[in-house]
Amino acid sequence: SDAAGKNLLQVIFVPNYNVSIAELLIPASDVSQHISTAGMEASGTGNMKFVMNGGLIVGTKDGANIEIAKAIGEHNMFSFGASADQVAAIRRSMAHTPPNVDPRLQRAMGMIRAGIFGKPDDGAFAMLVDAIDPKKDVYLNAQDFPSYLAAIDAADAAYRDEEAWTAKCIDSACSMWTFSSDRTIKEYATKVWGVEPLPFRPPPRK
């Protein structure tokens, strides 16, 4: 990582990510971020595994995040951003009324444009900044940016209270029963397959 920021932020790439690695990383996670734009349905069941193992979520109002919030309560989620209904309206208005860009994001974009972080030969940084331009911001990154920072701040503040944070984690993990495979199979058996369970009869001992 960068020498100036290594004590503040580290980005670690895990090669060959698979189930065995997930079994180590997911239970070790205090917070996971699931931040797909609302309505894009990119937030899948991976976030359920984090909460089942006692982690909390910073996330948009998208996909499985919505179901998890209903199960564990909004007070145990750090939600941010526009809802799916709001996204559609914002996109319609962007054509003639570009949204205001948060000053913090403007500053970061200005630093990137100025080449402070380097100037890749392939123009990758330019493509990144152009994609956040209000007129081209399909994923509403600039729109959701202020509320994202607010959600991060809320998670940081909650984490400082160890007892309250632990209570949130336990409450959330225990509320995830509705996503268990036992409940799912029972519901499918009743509503889809039309089959009834049989009592388990262990074989007699010899």
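Assorted remarks:
- Hydrodynamic radius by Kirkwood, which averages 1/r over all alpha carbon pairs of the chain, in angstrom: 20.3
- The distance between label points at L8 and M111 comes to 0.6 nm (points 7 Å beyond Cα on the Cα→Cβ vector).
- For the set T190, T37, the ranking by accessible area, highest first and with no ligand, DNA or RNA atoms included, is T190, T37 under a 1.4 Å probe.
- T97 - accessible surface, heavy atoms, 1.4 Å probe, Å² rounded to 10: 80
- Segment A84-S20, length gained on full extension (0.36 nm per residue, minus Cα span): 19.6 nm
- Annotation for L198 and E162: the two label points, set 7 Å from Cα along the Cα-Cβ direction, are 5.3 nm apart.
- Helix 103-113 vs. the chain, principal-axis angle (Cα, 0 to 90°, nearest 10): 70
- Loop chymotrypsin sites (Phe, Trp or Tyr not before Pro), region 151-206, which have at most 15 other Cβ atoms in a 10 Å radius of their Cβ (DSSP): F200
- Stretch gain in nm, segment L128-A28, where the contour uses 0.36 nm per residue and the Cα spacing is subtracted: 32.9 nm
- Helix 162-174 vs. the chain, principal-axis angle (Cα, 0 to 90°, nearest 10): 50
- In degrees, nearest ten, helix 141-159 long axis to first principal axis of the chain (Cα): 60
- The residues of the chain expose, per residue, 69 Å² of accessible area to a 1.4 Å probe.
- For region 92-206, with all protein chains in place and a probe radius of 1.4 Å, 59% of the accessible heavy-atom surface sits on carbon or sulfur.
- Between the listed residues G81, N141, M48, the Cα displaced farthest toward the positive end of the dipole of region 38-164, a dipole computed from Cβ unit charges relative to the Cα centre, is found at N141.
- Computed accessible area, D182, all protein chains, 1.4 angstrom probe, square angstrom: 120
- Alpha carbon centroid spacing (whole Å) that separates region 156-206 from region 1-17: 35
- A Cβ-based charge dipole, computed about the Cα centre of the chain with Lys and Arg at +1 and Asp and Glu at -1, lands at about 520 debye.
- MRE, 222 nm, helices only [DSSP H, n ≥ 4, -39500 (n - 2.57), over the chain, to nearest 500]: -13500 deg cm²/dmol
The values are calculated or read from the model by the stated rules, or taken from the named source; none is laboratory data. It should be emphasised that the depicted structure is a prediction, and the values quoted were computed from it without experimental measurement. Quick reminder, even Gly has a Cβ in these numbers, built from the backbone with ideal geometry, and neighbours come from all protein chains shown. Note: areas computed on protein heavy atoms with side chains; ligands, DNA, RNA excluded. Shrake-Rupley method; radii C 1.70, N 1.55, O 1.52, S 1.80 Å.
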